[in-house]
Amino acid sequence: MMGLYKNLFIKVPRSKLRGIIGTRFARTFSQQAARYKPILAPRLGNTKTRFSSLLYFTRPTSLIKQSDIKIKHKYKELNIQIQEILDFQQYKKILEKVQEKIPDRINFRIFPTSFSPEGYEGGGFFRADDWRWDTLEEHLKSSGALGVLVRLPLFWQVEPLIYYACKNAGSFLFLNDASNMPVGRVAIKNASFNTIVTTSDDALEFSKHIQEHNCNDFLNWIVVHPINDIDINRMKISYANTSYIAHEVHLFPGIPLFVQCSHLARGKSHHFHVASEFSLDTLEGSISLTGNESDAVPLYKVSINVSATREKKKCPCGREVFILLAT
Ligand SMILES: [Zn+2]
């Protein structure tokens, strides 16, 4: 037996061996190989060994993801060929096509797949109904939010999520039509609204408006950037008394993809973490995203037109940090 192990180590690149020996050898080789071959074979590339059955032990165990298997199962149920998905536009088309077939539709909340009504043809992203916008709740708590002035477009339909975040953070909320800046300004000045949740475009305009009207209250901002419109310049809000500013990039309205923790927000950083619902691979300058099996049609290796570089140093919160470079 030792001879076999030795030969395996020689034949298989060391990079493919991490974490495999130990737990995987409890059963016989052939049993294990039969079990994992269909899952791992497409991902192994051109590695050759004369012990072909053993080859299938050579992936790190971390890559044998339960979530990958569940996502593939969902695709099978919905009769979607997984190879079809190449880029984000194609993924959105699939969402349009399959939404009527989603089992247990009642258990999902529907998010529009567009940030604006222009040209929107009604595709929906389905996420579990009990999912909550946790990063918003975290920011409300860590910034000491009292009143939350919400200036996100009604078209996004994210009010229920904001309601839950406010409820859990002990904040009160006011939906302020983005075109009605004076009412928003009065709420800040006279009614303890110290936190604004809005889009990157509106954050620039509204901050300018309140500054021009001599508003000098200390304010928290939670600013949402649509994935198709990332601009570092729109992360720089000039409002003088900004005490806390968190940026988020959303894949769809209300679906955070790149997020910040309270360390980054306090530091007014333009760097991001990846939201816990997604995993990210960088591929030749672009990004490939895989989602979470709790979504009705999760992303599976969908490429998006955003370039991101990984910082060497981790955030004090322990997570990896990414710098985004526009779309
Ligand atoms: Zn962090």
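Where a number appears in this text, it was derived from the coordinates with a stated rule and is not lab data. Just so it is clear, the model here is predicted, and its values are computed rather than measured. Positions of Cβ are backbone-derived with ideal geometry, glycine not excepted, and every protein chain shown enters the neighbour counts.
Based on the alpha-carbon gyration tensor of segment 134-324 and its eigenvalue square roots a ≥ b ≥ c, which shape applies: rounded if a/c is under 1.5, prolate if not and a/b is larger than b/c, or oblate? Mind showing how you got there, number by number?
Numbers: a/c = 1.85, a/b = 1.64, b/c = 1.13.
Verdict is prolate for segment 134-324.
Please arrange T282, T242, T198 by how many other C-beta atoms lie within 10 Å of their C-beta, fewest to most. Provide the component values of the computation, followed by the final result.
Numbers: T282 13, T242 16, T198 23.
Ordered from fewest to most neighbouring Cβ atoms within 10 Å, T282, T242, T198 come out as T282, T242, T198.
For segment 174-224 and segment 71-111, what is the centre-to-centre distance using only Cα atoms, to the nearest Å?
Computed from Cα coordinates, the inter-centre distance equals 38 Å.
Where does each of S207, S294 land when they are ranked from fewest to most other beta-carbon atoms within 10 angstrom?
Numbers: S207 22, S294 14.
Ordered by Cβ neighbours within 10 Å, fewest first: S294, S207.
Is the C-alpha gyration tensor of segment 96-193 telling us rounded, prolate or oblate? Criteria: a/c under 1.5 is rounded; beyond that, a/b larger than b/c is prolate, otherwise oblate.
Taking the square roots of the gyration eigenvalues as a ≥ b ≥ c, segment 96-193 is oblate.
Using 0.36 nm per residue, how much length does the chain from Q157 to E320 gain when fully extended, once their Cα-Cα distance is taken away? Spell out each step's value before the answer.
Values: separation 163, 0.36 × 163 = 58.68 nm, distance 3.04 nm.
In short, 55.6 nm is gained.
Among residues other than V197 whose Cβ falls under 12 Å from its Cβ, what is the net charge (Lys/Arg +1, Asp/Glu -1)? Mind dumping the intermediate values first?
Working: positive: R151; negative: E137, E159, D202, E248.
Once all neighbours under 12 Å are counted, the net charge is -3.
Among DSSP bridges having both ends in segment 148-287, what percentage is antiparallel? Round to the nearest 5. Walk me through the numbers before you get to the answer.
Numbers: 7 of 26 bridges.
The antiparallel proportion sits near 25 percent.
Given segment 66-128 reduced to its alpha-carbon atoms as identical point scatterers, what log10 I(q)/I(0) does the Debye formula return at q = 0.25 Å⁻¹?
Rounded to two decimals, the profile gives -1.25.
Considering only DSSP beta bridges where both residues belong to segment 74-197, give the percentage that are antiparallel (nearest 5). Could the numbers behind the result be given before it?
Details: 5 of 13 bridges.
That works out to approximately 40 percent antiparallel.
Treat the count of other C-beta atoms within 10 Å as a stand-in for reagent exposure and order Y244, Y120, Y164 from fewest to most.
Numbers: Y244 20, Y120 12, Y164 17.
Fewest to most other Cβ atoms nearby, the residues stand as Y120, Y164, Y244.
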